[in-house]
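Beneath this line is the structure, given in structure tokens, with notes to follow.
The values are calculated or read from the model by the stated rules, or taken from the named source; none is laboratory data. Quantities reported herein were computed from a predicted structural model and do not represent experimental measurements. Glycine also receives a Cβ, built like all others from the backbone with ideal geometry; neighbour counts cover every protein chain displayed.
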Amino acid sequence: MVLRTRPRERLRKDIAASKAAAAQGLAAAVPIPTREGAEYLDGPEIFLLTRTVPGESLTTEERTGENRLAYGEQYGRAIARMHRALRAVEGELLPDEADLLGSVRGWALPEVRRQNKQWSMGLPEEFLDGYQAQISALLPKLPRQLIHRNPHPGNILFQNGKVTGFLEYEMYERNIRLWDPCYCGTGLLSELPPSLWERWPLLFSGILQGYHAEEELTAEEKAAVFAVLCSIQMICIAWFEKTAGLEELAKTNREMLCFLLEKRGEIEAAAAALPAQGLAG
């Protein structure tokens with residue numbers, strides 16, 4: 001059990017998000033009622049007692065082993081189910097509206113251009129120019145909704161080979177829905193030693209397949225997968241480089257961006273191979 005204290009309005013919204021996830025069959029930190037049947041103790045501060053979400057995150061061996069495609073599919077299906085849950089309460093939560101295109105064009109991309117020269121990353125200018133043109137054309141067309149925002153692998157728990165639920169709904173926002181499966185993918189890559197990076201494309205392909213099986217990706221989303229992965233990396237590179245003590249993480253994320261560019265063909269092929277109609281079920 002976990003005891004939580006948060007601002008009153010935010011805590012009520014977190015309860016709504018958790019209950020919506022539970023309605024989709026995902027374990028969530030739903031409240032344990034008080035003796036009087038209330039969801040929390042209300043006073044000068046609110047106190048909420050919740051049950052812990054069962055399960056644990058996958059090990060590196062599980063993420064990169066022979067079953068990595070199947071595990072990737074489990075990640076993707078769970079994210080899609082979580083999105084259905086969040087859509088049901090979006091009007092109640094009134095989330096902040098994220099401006100991914102503005103953040104990348106106005107801040108992250110210029111910073112990556114600077115670091116590309118500073119650290120001799122080797123990113124071709126034609127790639128950076130093409131990326132800017134691609135996001136400008138595609139991001140405004142992508143479906144938006146309430147998303148988790150932080151579904152890194154440590155926040156997705158498994159038990160008996162299946163996803164049980166998610167942790168940390170506190171960062172939710174309204175953004176392109178493609179952010180969450182792509183963020184899960186980059187999070188998985190960041191936690192692997194570079195010696196195992198070659199096993200990542202199949203794992204990420206599983207995420208796309210699983211998500212698409214539950215929530216059909218549009219043609220524009222399929223075309224934007226690589227660009228969204230790069231957007232996440234550019235934001236991380238810019239943020240970590242400017243944050244004291246996180247410079248080594250910036251270096252890792254620069255290397256990840258270069259790796260993604262190297263694997264661009266595989267990533268785009270995996271997205272393009274998704275069937276025209278989802279396999280919901």
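Summary of values
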| read-out | value |
| --- | --- |
| Residues of the stretch 43-98 satisfying the condition of being in contact with a helix residue (DSSP H, G or I) (Cβ under 7 Å, 6 or more places away or on another chain), of a type in the set (Phe, Trp, Tyr) and either closer than 19 Å to Tyr169 by Cα or at pLDDT below 95 (or both) | Tyr75 |
| Total residues in the stretch 42-66, condition crowded, with 17+ Cβ neighbours inside 10 Å and either without any contact (Cβ under 8 Å) to a residue 60 or more places away in the chain or part of a strand (DSSP E or B) (or both) | 3 |
| Residue match in the stretch 196-218 (condition: part of a helix (DSSP H, G or I), crowded, with 22+ Cβ neighbours inside 10 Å and over 18 Å from the mean Cα position of the chain (by Cα)) | no |
| Residue count, the stretch 15-39 (criterion: assigned to a loop (DSSP other than H, G, I, E, B) and of a type in the set (A, V, I, L, M)) | 6 |
| In the stretch 219-264, residue modelled with the lowest pLDDT [restricted to those that are more than 19 Å from the chain's Cα centre (by Cα) and either among the small types (Gly, Ala, Ser) or within 19 Å of Gly76 (Cβ to Cβ) (or both)] | Ala244 |
| Members of the stretch 75-88 that are crowded, with 20+ Cβ neighbours inside 10 Å and of a type in the set (A, V, I, L, M, F, W, C) | Ala78, Ile79, Ala80, Met82, Ala85, Leu86 |
| Single unsatisfied condition, Met171 versus (1) free of Cβ contacts under 8 Å to residues at least 40 places away in the same chain; (2) under 12 Å from the mean Cα position of the chain (by Cα); (3) assigned to a helix (DSSP H, G or I) | (3) |
